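Okay, structure first, notes after.
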Amino acid sequence: GDSVTQMEGPVTLSEEAFLTINCTYTATGYPSLFWYVQYPGEGLQLLLKATKADDKGSNKGFEATYRKETTSFHLEKGSVQVSDSAVYFCALTGNTPLVFGKGTRLSVIA
Amino acid sequence: NAGVTQTPKFQVLKTGQSMTLQCAQDMNHNSMYWYRQDPGMGLRLIYYSASEGTTDKGEVPNGYNVSRLNKREFSLRLESAAPSQTSVYFCASRRERGGNRYTDTQYFGPGTRLTVL
């Protein structure tokens, strides 16, 4: 079945550092890809999405590009802030409900 | 705009007790979902309802039942709680039918933290 694999955390970065969280997927057909973020004590909220190959999703300085050839959707941000500390989930959907990766916890220190 | 609401926010049960987790959405969405979140496991789908009157099992349905009461409400019931059901439970909804199952955003509630002793 469909699955998502993302890098294990936790990831600890200093403020203004560059962030990459890797995500690869296995799916039949042409899924849509998502990044969700979960701040402490809250539910998940959509960060960005891409619905077809070569699409780039972006929001709040985060970006991810849908790479069909490498089945990847890596999350990047050029300069992280303390307020970006959260758990990030990569997910996909096609003919099925959302399938999530296990999440990557990011801690940004000042 | 409330979005997806869940009650209660916290609950402690003893083994063998029963309870129902409530979820409601005010976005006129057709599909609703129940997930559980456990450390290191991500979110796993328990049950979902693609439309009013239909429900389907997800990845981890054992020990749970659901009811799609109407278009707005989707409840999750634990008939005889077990310590293995200690988790954070999230309800979600998505537009679909008339929308696009591939691209529509899924919206999440704030979660219910359940502890079974």
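Compute the distance in nm between two label points, each set 7 Å from the Cα along the Cα-to-Cβ direction, one at A:Ser58 and one at A:Tyr39.
In this crude label model, A:Ser58 to A:Tyr39 measures out at 2.3 nm.
What relative contact order, as a whole-number percentage, does chain B give when Cα pairs under 8 Å and 6 or more residues apart are counted?
Once divided by the residue count of chain B, the mean separation gives 35 percent.
In this model, which of A:Lys60/B:Lys71; A:Lys49/A:Lys77; A:Lys77/A:Lys102 are farther than 25 Å apart at the alpha-carbon? Present the calculation step by step, with values, prior to reporting the outcome.
Values: A:Lys60/B:Lys71 33 Å; A:Lys49/A:Lys77 15 Å; A:Lys77/A:Lys102 20 Å.
Exceeds cut-off: A:Lys60/B:Lys71.
Farthest toward the dipole's positive end in chain A, which of A:Ser107, A:Tyr88, A:Val11, given Cβ charges of +1 (Lys, Arg) and -1 (Asp, Glu) about the Cα centre?
Projecting each Cα onto the dipole axis, the largest value belongs to A:Tyr88.
Among B:61-68, A:7-14, what's the highest-first ranking by average C-beta atoms within 10 angstrom per residue?
So the peptides B:61-68, A:7-14, ranked by packing, come out B:61-68, A:7-14.
Net charge near A:Met7: determine it from the other residues with C-beta under 13 Å of the C-beta of A:Met7, scoring Lys and Arg +1 and Asp and Glu -1.
0
Please list, by residue number, every one of the chymotrypsin sites (Phe, Trp or Tyr not before Pro) in segment A:14-80 that is coil in DSSP and has at most 14 other beta-carbon atoms within 10 Å.
Details: sites: A:Phe18, A:Tyr25, A:Phe34, A:Trp35, A:Tyr36, A:Phe62, A:Tyr66, A:Phe73; in loops: A:Phe18, A:Tyr66, A:Phe73.
Here the sparse-neighbourhood loop sites are A:Phe18.
In segment A:12-110, what GluC sites (Glu not before Pro) fall in a loop by DSSP, with at most 10 other Cβ atoms inside 10 Å?
A:Glu69
Would you please name the trypsin sites (Lys or Arg not before Pro) within segment B:1-52 that are DSSP coil residues with at most 12 other C-beta atoms within 10 Å of their C-beta?
B:Lys9, B:Lys14
Note down the magnitude of the dipole of chain B about its Cα centre, charges +1 on Lys and Arg C-beta and -1 on Asp and Glu C-beta and zero elsewhere, to the nearest 20 debye.
For chain B, the charge dipole is close to 80 debye.
Summing Lys, Arg as +1 and Asp, Glu as -1, what charge do residues with Cβ under 9 Å from the Cβ of A:Ser79 carry, A:Ser79 excluded?
Neighbourhood net charge equals -1.
For chain A, with a Gaussian network of springs between Cα atoms less than 10 Å apart, report the residue from A:Ala50, A:Ala27, A:Ala86 with the top mean-square fluctuation.
In this elastic network of chain A, the residue with the biggest mean-square fluctuation among A:Ala50, A:Ala27, A:Ala86 is A:Ala27.
Coordinate-derived values only; no laboratory data. As the structure is a prediction and not an experimental result, all values here were calculated from the model. In this analysis, Cβ positions are derived from the backbone assuming ideal geometry, glycine residues included, and neighbour counts consider all displayed protein chains.
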